[in-house]
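Colleague: Have a look at the structure that comes next, please.
Bear in mind that the values in this text are calculations on the coordinates, not laboratory data. No experiment lies behind these values; they were computed from the predicted model shown. As a convention, Cβ positions derive from the backbone with ideal geometry for all residues, glycine included, and neighbour counts pool all protein chains shown.
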Amino acid sequence: MRRISIFGATGSIGQNTIDLIARAPDDYDVVALTGASNIRQLAADARRLKAEIAVTACEDRLDDLRAALEGSGVEAAAGADAIVEAAARPADWVMSAIVGAAGLAPGVTALQQGATLALANKESLVCAGALMLSTARDHGARILPVDSEHSAVFQALVGEDMQAVERIVITASGGAFRDWPIEKLSTATLAEASSHPNWDMGQRITIDSASMFNKAMELIETKEFFGVRPDQIEAVVHPESMIHALVGFRDGALMAHVGPPDMRHAIGYALHWPERRSLPVERLDLAAIGQLSFREPCETRWPALRLAREVMETGGLSGAVFNAAKETALDAFIAGEIGFTQMSDVVEAVLDRLSATAGHIDATMTLDNVAETDHLARQAARSVINGKAG
Ligand code: NAD
Ligand code: MG
């Protein structure tokens with residue numbers, strides 16, 4: 001029996017993870033499940049999977065969670081600290097699928113226990129890549145990428161020598177607005193930005209796909225996780241979302257990872273690694289697909305990609321600035337305070353103010369200075385947003 005915990009269990013990645021676990025309940029001993037406001041789902045899964053503890057991020061929902069778990073024997077807890085405490089419980093395999101910078105502290109805590117961390121929460125690597133990697137190293141823990149592109153790269157690298165890698169190509173569907181006239185983007189509504197052509201994901205990452213902030217984060221994630229130089233990382237628009245990433249080697253070969261857009265592949269790969277086990281994902285019929293296409297990503301349409309290059313060059317805590325500004329701008333777009341294209345204006349303005357100072361911190365990165373940088377960047381983003389709204 002493997003002891004496993006799922007952080008962000010009620011979300012899109014969390015539910016896909018539970019789908020896989022629930023198919024072989026005798027193989028897993030579930031330690032902790034965490035969620036936020038969806039108490040009903042959290043409690044139902046905790047009961048069904050016989051978890052030790054269920055934790056909601058919402059402190060004011062503890063009574064609701066306790067009531068929903070009445071008689072089940074599952075412990076209940078609430079709040080950000082309780083989530084970190086749950087991450088300190090010994091587990092062999094931990095899914096990090098909270099959305100946003102809130103996923104960082106539980107992930108670091110799980111690594112400190114020596115767990116294998118299946119990492120969907122890309123914000124952890126964007127904000128604190130050096131900290132994540134050094135924590136894993138210091139505690140004999142392992143990080144397995146779950147973002148589909150990074151899982152694809154990881155798989156293409158099995159048995160290869162990193163010295164032979166020339167470049168890494170990350171594909172992007174192009175999101176909801178890839179075919180819109182650029183002039184029309186400023187009028188994009190929340191509903192329009194919240195629908196993805198190929199993938200079924202949480203609302204925040206879906207909007208980030210339309211703005212390409214998701215891909216921007218993935219470029220930074222690639223640099224941090226695989227340790228390649230920024231000039232070795234490329235993005236290409238691939239509307240069919242069948243090729244998830246490609247690795248180019250010095251002999252000119254490009255190894256592509258091809259599969260249907262179903263996160264259960266990347267989650268299942270991380271769950272069973274280093275083995276490959278049968279997974280309930282569609283088998284592709286290449287003749288029926290017929291064609292795969294590729295386009296250059298346009299940085300006028302998607303300024304987030306240009307900003308990601310800046311962050312990769314600056315390094316240090318500039319990723320934490322970038323992520324916090326992006327999260328705040330996204331909140332403001334969802335709240336109707338700013339327009340779709342203003343999100344990248346906000347992030348650029350905050351990077352201009354803060355990134356030079358933040359870029360100096362690297363080897364000395366700690367959860368505290370990441371949190372402090374995150375806080376300063378959110379404040380700066382709020383003041384830029386208030387200026388725009390006012
Ligand atoms: P989601 O919005 O569907 O779920 C987010 C989860 O985090 C939920 O369980 C929610 O309760 C919890 N949560 C939200 N705010 C929280 C907070 N402040 N503290 C603690 N928990 C909180 O998101 P998702 O689409 O499942 O994405 C999760 C992570 O995985 C993100 O980092 C995303 O970028 C990444 N990811 C998702 C996909 C995908 O297909 N959905 C693909 C690649 C990477
Ligand atoms: Mg991805």
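Colleague: Quick check on the chain: helices-only [θ] at 222 nm, where DSSP H runs of length 4 and up contribute -39,500 (n - 2.57) each and the sum goes over total residues. Nearest 500, please.
Modeller: Calculated from helices alone, the mean residue ellipticity at 222 nm is -14000 deg cm²/dmol.
Colleague: Something else now. Subtracting the Cα-Cα distance from 0.36 nm times the residue separation, let me have the gained length for THR366 to ASP63 in nm, one decimal.
Modeller: Extra length from THR366 to ASP63 when fully extended: 105.7 nm.
Colleague: If you take the Cα atoms of region 157-261, find Rg, then find the Kirkwood Rh from the mean of 1/r over all pairs, what is Rg/Rh?
Modeller: 1.03
Colleague: Next question. Counting Lys and Arg as +1 and Asp and Glu as -1, each charge on the Cβ, what is the dipole of region 53-112 about the Cα centre in debye, to the nearest 20?
Modeller: Charge dipole of region 53-112: 200 debye, to the nearest 20.
Colleague: GluC sites (Glu not before Pro) within region 131-214: which are DSSP loop residues with at most 16 other Cβ atoms inside 10 Å?
Modeller: GLU160
Colleague: Over 19 Å apart: what share of the alpha carbon pairs of region 32-104 falls there, rounded to a whole percent?
Modeller: Roughly 26 percent, once rounded to a whole number.
Colleague: Contour minus end-to-end for ASN198 and ARG47, with contour as 0.36 nm per residue of separation and end-to-end as the Cα-Cα distance?
Modeller: Taking 0.36 nm per residue and subtracting the Cα distance, the gain is 51.1 nm.
Colleague: With charges only on Cβ, +1 for K and R and -1 for D and E, what is the dipole size of region 86-204 about its Cα centre, in debye, rounded to 20?
Modeller: Around 300 debye, computed over region 86-204.
Colleague: For the chain, just say rounded, prolate or oblate: build the C-alpha gyration tensor, square-root its eigenvalues into a ≥ b ≥ c, call rounded for a/c under 1.5, and beyond that prolate if a/b exceeds b/c, oblate if not.
Modeller: rounded
Colleague: Using a Förster distance of 22 Å, how high is the FRET efficiency between GLN163 and LEU254, based on the Cβ-Cβ distance and rounded to 0.05?
Modeller: My answer for the efficiency is 0.80.
Colleague: So, R0 is 22 Å and r is the distance between the beta-carbons of VAL236 and ILE182; what FRET efficiency does that work out to, to 0.05?
Modeller: FRET efficiency, VAL236 to ILE182: 0.70.
Colleague: Let me ask something else about it. Can you give the % of DSSP beta bridges in the chain that are antiparallel, to the nearest 5?
Modeller: 30
Colleague: Kirkwood Rh, region 296-385, all Cα pairs: how many Å?
Modeller: By the Kirkwood definition, the hydrodynamic radius is 13.1 Å.
Colleague: May I have the count of lysine pairs in the chain with C-alpha atoms under 28 Å apart, counting pairs 8 or more residues apart or located on different chains?
Modeller: 11
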